[in-house]
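**Student:** Sending over a structure as structure tokens; questions will come in a sec.
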Protein chains: 4
Amino acid sequence: MEIGFLGLGIMGKAMAVNLLRHGFKVTVWNRTLSKCEELAAEGASIGETPAAVIKKCKYTIAMLSDPSAALSVVFDKDGVLEVICDGKGYIDMSTVDPDTSLKISEAIEHKGGYFLEAPVSGSKKPAEDGQLVILAAGKKELYEEIIPAFDVLGKKSFYLGQVGNGAKMKLVVNMIMGSMMNAFSEGLCLADRSGLNCQTLLDVLDLGGIANPMFKMKGPTMLQSSYSPAFPLKHQQKDMRLALALGDENAVSMPVAAAANEAFKKARSLGLGDLDFSAVYEAVKVAEGSASGTK
Amino acid sequence: MEIGFLGLGIMGKAMAVNLLRHGFKVTVWNRTLSKCEELAAEGASIGETPAAVIKKCKYTIAMLSDPSAALSVVFDKDGVLEVICDGKGYIDMSTVDPDTSLKISEAIEHKGGYFLEAPVSGSKKPAEDGQLVILAAGKKELYEEIIPAFDVLGKKSFYLGQVGNGAKMKLVVNMIMGSMMNAFSEGLCLADRSGLNCQTLLDVLDLGGIANPMFKMKGPTMLQSSYSPAFPLKHQQKDMRLALALGDENAVSMPVAAAANEAFKKARSLGLGDLDFSAVYEAVKVAEGSASGTK
Amino acid sequence: MEIGFLGLGIMGKAMAVNLLRHGFKVTVWNRTLSKCEELAAEGASIGETPAAVIKKCKYTIAMLSDPSAALSVVFDKDGVLEVICDGKGYIDMSTVDPDTSLKISEAIEHKGGYFLEAPVSGSKKPAEDGQLVILAAGKKELYEEIIPAFDVLGKKSFYLGQVGNGAKMKLVVNMIMGSMMNAFSEGLCLADRSGLNCQTLLDVLDLGGIANPMFKMKGPTMLQSSYSPAFPLKHQQKDMRLALALGDENAVSMPVAAAANEAFKKARSLGLGDLDFSAVYEAVKVAEGSASGTK
Amino acid sequence: MEIGFLGLGIMGKAMAVNLLRHGFKVTVWNRTLSKCEELAAEGASIGETPAAVIKKCKYTIAMLSDPSAALSVVFDKDGVLEVICDGKGYIDMSTVDPDTSLKISEAIEHKGGYFLEAPVSGSKKPAEDGQLVILAAGKKELYEEIIPAFDVLGKKSFYLGQVGNGAKMKLVVNMIMGSMMNAFSEGLCLADRSGLNCQTLLDVLDLGGIANPMFKMKGPTMLQSSYSPAFPLKHQQKDMRLALALGDENAVSMPVAAAANEAFKKARSLGLGDLDFSAVYEAVKVAEGSASGTK
């Protein structure tokens, strides 16, 4: 099976390598060419432009950094739209908002192409290990045809119906995650100020009914005020905002998520936006004498 | 090792049985005598009153249903206080608030006895399996002497320092749990109203970084509006209130927990207080035409 | 002074009449012609189209119902843009969001025209009495030239600087108003459920430091569950959303406004969106047995 | 009419002077004697102890600083309880919580005395001007007999039913006030960060439907970060807490008040508790670089 692959960032590179190692023929493109050469060493062909990749391959996967990059490879010169046509499938695995996804979908289908949005849950390590969770939505036939690739890239894929549902599902998950991170931060702060040992709280949590990988992984680094950005706080806050906007459209009242969103905004106002989203703990902790110490 | 055991409810009975099966000599007392006979069949001796049990045993564990029962066995006629004395240890594993715990502690120490509060995390099944998590606080020497019993009752015990810290640690954990349950409910409601499949959301959550036993266990029953009370909503809300009060004492601002608490109060006002705490989902879902359907 | 006037709804008609009665020559246009004839009886000239009005008058005031109407009279066929030119001033007093205002401003200035946004605070009665509060922003010279008209229409006008500031000021005011309405509703509900008399609460409030016209006017109707829409709840909620979005842009955390916004969303989900914004009281009151009664 | 008066702080002194000037015979007592002499110069008699005042007068008014002072004059040696008896009325106008009020009420009625709680709305200036608002509850007959005094002390008095209702009414009013102060602070902060002029916002607010004395009085000092404590923030937060507890008892969900309470708690944690309650504005404003500046 031959697959085009657009975007070789941390995630994209790991995914393309996995495809190559499982016997797929892969033609790659990346804005900066050097990344392509690393893949060529693993056996990939190189496409000069997004259009060239689409022209050559029946299926093309994109893994871009953000909505503007996702739009650019489709709509700009030498982009996907110039050559996509009946019989070709385009699978965008970037994380974008539902509107961006819909815009790309409409443009591609207008040219006769097939479209699937397929954002993933999981970051670098799961990408390398082929353990992503794939949230696919759009053309059902395309989903079924691309399953062999998804089986290599992820431990599980879901087909969620119409375009937009993949992005929405990701927003719902990230909204729950953001509220949980705030609850966790409030709990750590309450424990600390009440004279309890925070490390013991982590140990107790990890043995009970709400034990989860996030608490286990982030807890120890939060206690050290270490916030190397795996998922930047400003992006988490943006996802909270988009999830609340989705709730607004559908008249869903979400007071806990709204309170969590305001806490993330407070963290942004304290200059923590580029740190890991767990840095909201610093905003929760701000108190007399500590505020200046958080920066 | 000989141990007295006061209170043979669901939890207490399972715990006393475990002690017996691991070779402890156990003398039991329960307000309704029939429960004692079940234990006698497993080899237990029977004490006529709390005082009789204390008199006979160097160490006595209590596992009562609530603060008033915990106070009653200590302070009432034929209670613990009448005979407790130097050299005897009293371990209260009931779930009570920090003030109740302190009151019992002071009374017992005033008589020369040793006291340990030791609330547990875990319900019926972990109690039967000896897999509780024990949050002990109070007399350090007593903690060390009673470890052989804790090793039988739980998978892990913590010594948390002064009396009150066990109760506080439990409040912190339950506060995080209550906020998480609200975040989860809001997410389910948002998914549903946005046209996503809630079962799929559960599947996605269970594969990701915030997967936890509570979502896995409660999710499916919540989707069926089934709320058999493992932990009644009114008790969860009471713990949220006590945790917020603890935060008030220590000037800890917890806006997410406060929003969750108000949601639980709304659920109480809708008549859901005696159902499982996951019934807060019904309050989140209340909308035109659905409100009356929730009851 | 000759003034064009576009839009003769409840507000626009009252304002145009005021201008006529104070000696201004007024040329009116309205989408449905009959409204124009009422004004003609008061001495107004009639313009066939927005373009015709602009052509005839040096200054034209618009008072349209919403952003789409405001955009339509400018950009559609026979609209303002076709004839606006150097030396002519366009004053939009409609309530629109900052983005709509900016879009109109840019289009008009691109043609050489002068633009002022000037949303008002106050509804039908103040409009009739010339007691509006005018929040003007945009071309300073135009503001100064149009002051004679503003003096007739309002009791006070403010010049707030660049275009968008009028809309923003109105959002800030409405956000405070929405939070106050929620605080008021919660207080009424708390009084009622605590066995206090709500009418007495209104009397007490009216004698103290937080007495204000809104409590005085809305309180009695709220106690009668009467919500004839002076300002529809869905519009209030939209303004809360826009104000929170403005806060998001500027990293301002507003947890009280966010909680109020979620309460308005809950009210919308209960089917109260078309009632007066004070109907959020019904959402606050929802409880066992009352939910179905609110509809 | 002869009236006893216990407590000559800022409020009590002003009230006792008013009674004297309107022809009442007044016998005063105060913990520090010098205050009594000031009143003697206005024509008051002096009582050596609370008991002595009660013994001499048929009606005695108390205006103490807090619940502990209110309890002390009643229950301590030479206190009210020692001599109160059938036919004598005791009117406590201090601001206390419902439980304290009930405790005093029961003790006095047990001795055959009549009791009225009558907290006031209004501070120093209204006390001097006889413009307080009086929230009376308890013995109806006593209320009717004491009206001549209330007419001198206040512009309006309310009879609210059973003891506790006066305290509750005050909590409801203060809860609304605290939420409003937060909404106001958020609005000022949003205006400032959005490039609007805060003084203009104050002017606009003062002309509209939510204009109120508190915004008018506190706004200008807040913009100067001046927080001389008319009503200390920690007392406002305590009243929010008590109001939320009252809501908890009655299953009233109050998410806006809860969010406001958490903001006041954040302000306390920043060391602002002894300043005026309007200092919550400083907590709302805390941002990168500003945090250290708030202290």
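Since every read-out is calculated from the coordinates, none of them should be taken as a lab result. Bear in mind that the values here come from a model prediction, so they are computed numbers and not experimental data. Cβ atoms come from the backbone with ideal geometry, glycine included; neighbour counts cover every protein chain shown.
**Student:** Could you point to the residue in B:Gly195, B:Gly161, B:His22 farthest towards the positive end of chain B's charge dipole, with +1 and -1 charges on the Cβ of Lys/Arg and Asp/Glu respectively?
**Tutor:** Comparing the listed Cα positions along the dipole, B:Gly195 ranks first.
**Student:** Continuing with this model, one more query. Scan chain C for the residue whose Cβ is closest to the axis carrying it onto chain A, then write down that distance in whole angstrom.
**Tutor:** Residue with the nearest Cβ, plus whole-Å distance, for chain C: C:Ala258, 2.
**Student:** Output the 0 to 90 degree angle, nearest 10, between the alpha-carbon long axis of helix A:255-269 and the longest principal axis computed from the alpha carbons of chain A.
**Tutor:** 90
**Student:** Also, I was wondering about something else. Which FRET efficiency value, to the nearest 0.05, do you get for D:Lys125 and B:Asp99 by plugging their Cβ-Cβ distance into 1/(1 + (r/R0)^6) with R0 = 45 Å? Before the final figure, lay out each step's value.
**Tutor:** Numbers: r = 41 Å, r/R0 = 0.92.
That pair, D:Lys125 with B:Asp99, gives E of 0.60.
**Student:** Separate question: Once the label point is placed 7 Å from Cα along Cβ, list for D:Thr221 the distances to the corresponding points in the other copies, in nm, shortest first.
**Tutor:** Going from nearest to farthest copy, the values are 3.5, 4.7, 5.4 nm.
**Student:** When the Cα atoms of the stretch B:168-294 are enclosed in a convex hull and the volume is divided per residue, what value in Å³ results?
**Tutor:** Hull volume over Cα atoms, normalised by residue count, gives 111 Å³.
**Student:** Ranking C:His235, C:His110 by Cβ neighbours within 10 Å, fewest first, what do you get?
**Tutor:** Details: C:His235 16, C:His110 10.
With the fewest neighbours first, C:His235, C:His110 line up as C:His110, C:His235.
**Student:** Please compute the alpha carbon radius of gyration of the protein assembly as shown, then divide it by the globular-protein estimate 2.2 N^0.38 Å. Two decimals is fine.
**Tutor:** 1.07
**Student:** Moving to a separate point now. Among residues other than B:Gly161 whose Cβ falls under 13 Å from its Cβ, what is the net charge (Lys/Arg +1, Asp/Glu -1)?
**Tutor:** On the way: positive: B:Lys139, B:Lys140, B:Lys168; negative: B:Glu117.
Taking every other residue near B:Gly161 into account, the sum is +2.
**Student:** Still on this structure, please answer the following. Using a cut-off of 15 Å between beta-carbons, work out the net charge of the residues near C:Gly23 (Lys and Arg +1, Asp and Glu -1, C:Gly23 not included). Can you show the working numbers first?
**Tutor:** Details: positive: C:Arg21, C:Lys25; negative: C:Glu2, C:Glu42, C:Asp151.
That sum, taken over residues with Cβ under 15 Å, equals -1.
**Student:** Shifting gears a bit: What is the sum of charges around C:Ala70, taking Lys and Arg as +1, Asp and Glu as -1, for the other residues whose C-beta is under 13 Å from the C-beta of C:Ala70?
**Tutor:** Overall, the nearby charge balance is -4.
**Student:** Now for a separate question. Which order results if D:Ser225, A:Ser179, A:Ser157, D:Ser121 are arranged by neighbouring Cβ count within 10 Å, fewest first?
**Tutor:** D:Ser225, A:Ser157, D:Ser121, A:Ser179
**Student:** Angle check, please: helix D:98-110 long axis (alpha carbons) against the longest principal axis of chain D (alpha carbons), in degrees 0 to 90, nearest 10.
**Tutor:** The angle comes out near 10 degrees.
**Student:** Label-to-label distances across copies for D:Glu106, with labels 7 Å out along Cα→Cβ, in nm, shortest first?
**Tutor:** With the label placed 7 Å along Cα→Cβ, D:Glu106 yields 2.0, 7.0, 7.1 nm.
**Student:** Then there's this: Distances from B:Lys25 to the same position in the other copies: list them in nm, one decimal, shortest first, using label points 7 Å from Cα along Cα→Cβ.
**Tutor:** For B:Lys25, the other copies' label points sit at 8.1, 8.3, 11.6 nm, shortest first.
**Student:** Then there is this: Looking at the square roots a ≥ b ≥ c of the eigenvalues of the Cα gyration tensor of the stretch B:43-185, which shape do they give, rounded for a/c under 1.5, prolate if a/b is larger than b/c, or oblate?
**Tutor:** Prolate.
**Student:** A further question follows. Under 1.5 on a/c is rounded, so check that first for the stretch C:1-109, then, if it is not, pick prolate when a/b is larger than b/c and oblate when it is not; a ≥ b ≥ c are the square roots of the alpha carbon gyration tensor eigenvalues.
**Tutor:** prolate
**Student:** Sticking with this structure for a sec: For a quick check, take a GNM of chain C with Cα springs below 10 Å and name the residue from C:Leu233, C:Leu223, C:Leu153 with the largest mean-square fluctuation.
**Tutor:** C:Leu223
**Student:** List the relative contact order of the stretch D:1-71 as a percent without decimals, with contacts defined as Cα pairs under 8 Å and 6+ residues apart.
**Tutor:** Result for the stretch D:1-71 is 42 percent.
**Student:** Give me D:Val204, B:Val73 sorted ascending by neighbouring Cβ count inside 10 Å, so fewest comes first.
**Tutor:** D:Val204, B:Val73
**Student:** Relative to the longest principal axis of chain D, what angle (0 to 90°, nearest 10) does the C-alpha long axis of helix D:233-249 take?
**Tutor:** Rounded to the nearest ten degrees, it is 80.
**Student:** Compute, for chain C, the length of the dipole vector about the Cα centre, with Cβ point charges of +1 (Lys, Arg) and -1 (Asp, Glu) only. Units Debye, rounded to 20.
**Tutor:** 240
**Student:** So what is the calculated 222 nm ellipticity per residue for chain B, using -39500 (n - 2.57) for each DSSP H run with n of 4 or more, over all residues, to the nearest 500 deg cm²/dmol?
**Tutor:** Helix contribution divided over all residues of chain B: -16500 deg cm²/dmol.
**Student:** Rounded to the nearest 0.05, what FRET efficiency do B:Glu109 and B:Ile147 give with R0 = 25 Å and r taken as the Cβ-Cβ distance? Could you check? Kindly include the intermediate steps, with their values, before the conclusion.
**Tutor:** Working: r = 21 Å, r/R0 = 0.83.
Taking R0 as 25 Å, the efficiency between B:Glu109 and B:Ile147 is 0.75.
**Student:** Compute the FRET efficiency between C:Lys156 and D:Gln162 as 1/(1 + (r/R0)^6), taking r as their Cβ-Cβ distance and R0 = 45 Å, and round to the nearest 0.05.
**Tutor:** Efficiency for this residue pair is about 0.45.
**Student:** Just want the answer: with Cβ charges of +1 for Lys and Arg and -1 for Asp and Glu, which residue in C:Ser72, C:Gly87, C:Thr49 is farthest toward the dipole's positive end in the stretch C:44-91?
**Tutor:** Highest projection toward the positive end goes to C:Gly87.
**Student:** Here is a further query. Is there a quick way to get the dipole size of the stretch A:168-294? I mean about its Cα centre, with the Cβ of Lys and Arg at +1 and of Asp and Glu at -1; what is the value in debye to the nearest 20?
**Tutor:** It comes to approximately 280 debye.
**Student:** Once you treat every alpha carbon in chain C as an equal point and sum by Debye, what is log10 I(q)/I(0) at q = 0.10, 0.13, 0.14 Å⁻¹?
**Tutor:** Log-scaled intensity ratios, in q order: -0.60, -0.92, -1.02.
**Student:** If amide hydrogens are placed 1.01 Å from N in the peptide plane, which non-local residues have theirs closer than 5 Å to the one on C:Gly4?
**Tutor:** So C:Gly4 has HN proximity to C:Thr27, C:Tyr59, C:Thr60, C:Ile61.
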